[in-house]
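Accompanying notes for the structure given below.
The values are calculated or read from the model by the stated rules, or taken from the named source; none is laboratory data. The shown structure was predicted, so the numbers you read here are calculated from the model rather than taken from an experiment. For neighbour counting, all protein chains shown are included, and Cβ atoms are generated from backbone atoms with ideal geometry for every residue, glycine included. For the accessible areas, the whole protein counts, side chains as well, though only heavy atoms, and no ligand, DNA or RNA atoms are used. Shrake-Rupley method; radii C 1.70, N 1.55, O 1.52, S 1.80 Å.
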Amino acid sequence: MISDSARPRRLRNLKWARDMFRETRVVADNLVYPLFVVPGKKFKKEISSMPGCFHLSADEAAAEAGRCRDLGINAVLLFGLPSKKDPLGKEAYNPKGPVPEAVRLIKKAVPEMAVITDVCLCEYTSHGHCGVVKNCGGHALVDNDLTLELLVKEALVHAGAGADFVAPSDMMDNRVGAIRKALDASGFQQTGILSYAAKYSSAFYGPFREAAQSAPQFGDRKTYQMDPANYLEALREVELDIMQGADIVMVKPALAYLDILRAIKDKFQFPTAAYNVSGEYSMVKIAAQKGLINEKAMVLEILTSIKRAGADMIITYHAKEAAEWLRE
Ligand code: PBG
């Protein structure tokens, strides 16, 4: 072995060398920006738990999609807040609901924008759970197969409105296969499925529950979302979703689960997404507002880490700011 104590430094000391040998680069092409769509027109109101994010009516969502396009972002992910909720989440499959309306307006205003829609019932059910549930002594027990029928209806409504991808986030068993089958049978072979394959029951979703008004009214989501302690189970979940026809598999949240992301990328070598969730966003945003951190540097470090761990696609509420910073 040669003794050359300067070797590790020689490339780091030089800017051109740091730039030339950098292994990971995040670009705007990797980013997806989530939008929260509400009923009405010309409505835009900041979400207090997520500073810088807004509840938008469908027309405002289309305007926002235009701004995303101008920043070089190619995809948005839509969440819907309905005008009324009920135990079966009926507004989730109303073709006139805010999400299908926003899909149509975005596709009209910005045809090149990829539109992905969240498929779940939690924003639409009066009890706030992701499926049809029974309250069993404070525990939420989901009727998996009854829920599947409703999720399929929701996915078909979104595809019918022109969504490019549907993204089931409910964590019911076999929903990817059920949705794929229904899409194919209805002429939507081109509509893709971005599956929330390894979705953990996480405290990092806290701020989102205000944004989507989807906090469970009893019990929690532990009966259908994954235990943060489990690694092998994530591999099994991803394998099932790939076998059932998912085009992209997702790990969620991102930062506390980078080991899962790397394992999935290595094992399946499949298009992989990570969701940099609301809690991860608001921690950074609020610390930045208090002057505790350098937001730009921290966000770019976070996004680079998520990509380095194996994500091709990163869903992040920082997408617009990051796209601007990446241009500088
Ligand atoms: C709906 C859904 C949730 C998120 C995305 N889809 C909330 C949850 O499962 O409780 C969280 C997103 C975020 O925190 O940014 N099932």
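Only one entry of 215, 185, 203 meets the criterion of being at pLDDT 90 or above, surrounded by fewer than 17 Cβ atoms within 10 Å (Cβ to Cβ) and within 15 Å of the ligand (Cβ to nearest atom), and that entry is 203.
For the range 271-280, state whether one or more residues are modelled with pLDDT of 95 or more and over 27 Å from residue 174 (Cα atoms). Step through it out loud before you land on a result.
Narrowing the range 271-280 to residues modelled with pLDDT of 95 or more: 271-280.
Next, from what is left, pick out any that are over 27 Å from residue 174 (Cα atoms): 279-280.
Within the range 271-280, one or more residues are modelled with pLDDT of 95 or more and over 27 Å from residue 174 (Cα atoms).
Which numbered condition in (1) crowded, with 21+ Cβ neighbours inside 10 Å; (2) more than 20 Å from the chain's Cα centre (by Cα) is the only one that residue 168 fails? Against the list (1) crowded, with 21+ Cβ neighbours inside 10 Å; (2) more than 20 Å from the chain's Cα centre (by Cα), residue 168 comes up short only on (2).
Restricted to the range 54-143, the set of strands (runs of 3 or more DSSP E) holding at least 1 residues that are open to solvent by 30 Å² or more (accessible area, probe 1.4 Å) and among the aliphatic types (A, V, I, L, M) comprises 114-119, 139-142. Within the range 1-39, the set of residues being over 30 Å from residue 83 (Cβ atoms), open to solvent by less than 80 Å² (accessible area, probe 1.4 Å) and outside any loop (DSSP other than H, G, I, E, B) comprises 8, 17, 19, 28, 30, 31. Checked against the criterion of being open to solvent by less than 50 Å² (accessible area, probe 1.4 Å) and on the phi > 0 side of the Ramachandran plot, the range 277-295 has no qualifying residue. Hey, among the residues in the range 259-273 that are open to solvent by less than 40 Å² (accessible area, probe 1.4 Å) and within 19 Å of residue 229 (Cβ to Cβ), which one's farthest from the ligand (Cβ to nearest atom)? Top of the filtered list is 263.
Residue-level check: of (1) farther than 22 Å from residue 35 by Cβ; (2) within 16 Å of the ligand (Cβ to nearest atom); (3) buried (at least 23 other Cβ atoms within 10 Å of the Cβ), residue 256 misses just (3).
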